[in-house]
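Step one of this worksheet: look at the structure below.
Bear in mind these aren't lab numbers, they're just calculated from the coordinates by the rules spelled out. Not measured: the values here are computed from a predicted model. Ideal geometry is used to build each Cβ from the backbone, glycine not excepted, and the neighbour counts take in all protein chains shown.
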Amino acid sequence: MQQHSIRHLPVMEGDKLLGILSDNDIRIVQAVPGIDLNHVEVSRIVTSPMCVWGENSLDEVAETMADSKVDCVVVLGGHGVQGIFTSSDALRALGDVLQRATT
């Protein structure tokens, strides 16, 4: 995750979404004295995902994220997980909208 600058990963078992693993989840576990990450199963530190549908509008997703105080949501579609939408993605979209509005 660090090597590729990835902050969130969906954790899957086959086609089933088990949760989200974030770099913050890993940092928290690393901070526990005596814990060796090489011996911690991912399934023990994932968090429950908040999910939206790919058809949801950007404003709906942003409002859901803000109301729930989450920094990412899993985007679902007809064939399962389509991706992860993060607060950075939302800010980038806001920047694009503002830039277009001022030019």
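Looking for whichever is of a type outside the set (D, E, K, R) and under 17 Å from the mean Cα position of the chain (by Cα) here; the options are 40, 61, 97, 29. Which one fits? When all the criteria are applied, what remains is 61.
Against the criterion of being more than 23 Å from residue 4 (Cα to Cα) and not small (Gly, Ala, Ser), residue 55 qualifies. Counting the residues of region 40-93 that are hydroxyl-bearing (Ser, Thr, Tyr) and either closer than 15 Å to residue 18 by Cα or exposed (fewer than 15 other Cβ atoms within 10 Å of the Cβ) (or both) gives 6.
Here is a yes/no grid of residues against (1) of a type in the set (Val, Ile, Thr); (2) more than 23 Å from residue 71 (Cα to Cα):
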position	(1), (2)
1	no, no
7	no, no
12	no, no
24	no, no
30	no, no
37	no, yes
40	yes, yes
45	yes, no
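In region 43-71, the residues that are under 20 Å from residue 95 (Cβ atoms) reach residues that are surrounded by 13 or more Cβ atoms within 10 Å (Cβ to Cβ) and of a type in the set (Ser, Thr, Tyr) with C-beta atoms within less than 7 angstrom, at least six apart or across chains, in these pairs: 65/87; 71/86; 71/87.
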